[in-house]
Structures are given as structure tokens and as C-alpha cells.
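Computed from the coordinates by the stated procedures, all read-outs in this text should not be read as laboratory data. These numbers come from a predicted model, not from an experiment. Cβ sites come from the backbone with ideal geometry, for glycine too, and all protein chains shown count toward neighbours.
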Amino acid sequence: MGIFKRVKTIAAADFHHVLDKCEDPVSMVKQYMRALEAELAKAQSALGNQLYFEQKHEGHIRQVKQTIEDRKRQQKLALEKKNDEIAKMAIQDRLELEKKLQALEAQLEGINGQTNQLKAQVVKLKETYADLQNRKTLLLSRATTARTSYKVKNTLFSSQSESILNGFARMEDKVLHLEAKASALDYFSKTKPVQDKSYSLEVEEEFIKAKEAMEKQA
């Protein structure tokens, strides 16, 4: 592997490592929810425009149908009055309107299909959003618990925590020494000093004789 390829690989690995550290689960989940909300808003807006266009198209069809009926009446009236030219003009206009009506109704079918697709998309996005909201609540709770657990375990197994535990043990030992000293003082304060004991005259005489005998032997 060439030096430049190795440098490129290392740089890519470092870059992905930085990205992984930046991808905080809580922040990313909230960002995904905002993105989904934006998509839902776009879909709802598109559906609103589609419904407006559909209603406008239906209104155009109604107008064409009404005009066709008007031309039929004009045709009938012209024939009754034996006005052939007016009757032919009414028939020609009616036939053109009927062709236009067929095209408009065919277009309306396509518009209705697009409207149904948009409605289904909005419904699906709403269901997805509701599902992710529930998953988001659970995920945030899990993330909070995991972070707390990690901090606790990291504290327990860190070098600082070991120093804290050692220091705590030394303080316990000092307290134990203080308690021992206090117990010793309490013991000596309760112990009475030995008082000189008085002996009988007979014992004192025997004691003197015994000392004198030892001195002569020496």
C-alpha cells in the first residue's frame, strides 16, 4: 500500500471516528423527527394543492356539462322555430363540448389517482410519525439510563475512584486508632492506683529477721 493511500485511509478513519462521536443519539433522533415533520408538512401542503386543483377541475366539468345542456336546449328551440343555421351551430358547439368533456373526465380520473396517492402518503407519514414519537420517548429514556449507568461505572472503575477508596480506607483506619486511644484512656482512668498495704507487727518482725539472716550469709 502506497504512502498516500495509507494517509488517505487514516484520514478517512479519523473523519468517521469524529462523525461517530458527533452523532449523539438524542440530538440525532430529534433531528430525524424534525426532518419527518418537514416531510409531513410538505405532503400535507401538496395534498391541499391537489384537492384544490381537483375541485377546480370538477367545477370546470360541471360548467361544460351545463353548457352542453344549454346547447341541447338551443338546438331544440332552433329546430322548433325551423332555424336550421342556429340549430347546426348549436349541434356543432355541443359536439365539441362533449369531446372536451370526455377529455376532462379522463383527466379527472388521473387527478383522482394522484389525490388518492397523496392521501395515502400523508396517512402513512402520520402513522410513521406517531410510531416514531413513541419510539423516541422510549429511546430517550434508554439513552438517559445508559448515560447515567456509564457515568456511574466509569466513576467506579476510574483511577480517581480508586484513590478515593484508598483515602476512605485510610480515614477509617485513623478513626479506628482514635477509637482505640479513647478506649485506652477510658481504661486507665477507671483503674485505681495500688495503695500501700499495712502488715501486722509479727509479719514486720519476721521480715526484718529474714533480711538480717540474708545479710549475714552474704
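What to note about this one:
- FRET efficiency for S27 and E98, using Cβ-Cβ distance with R0 set to 45 Å, rounded to 0.05: 0.15
- Equivalent ellipsoid semi-axes, the stretch 20-75, via Cα gyration tensor eigenvalues times 5, rooted, Å: 53, 6, 4
- Cut-off 12 Å between beta-carbons: net charge of the residues surrounding A41, Lys and Arg +1, Asp and Glu -1: +1
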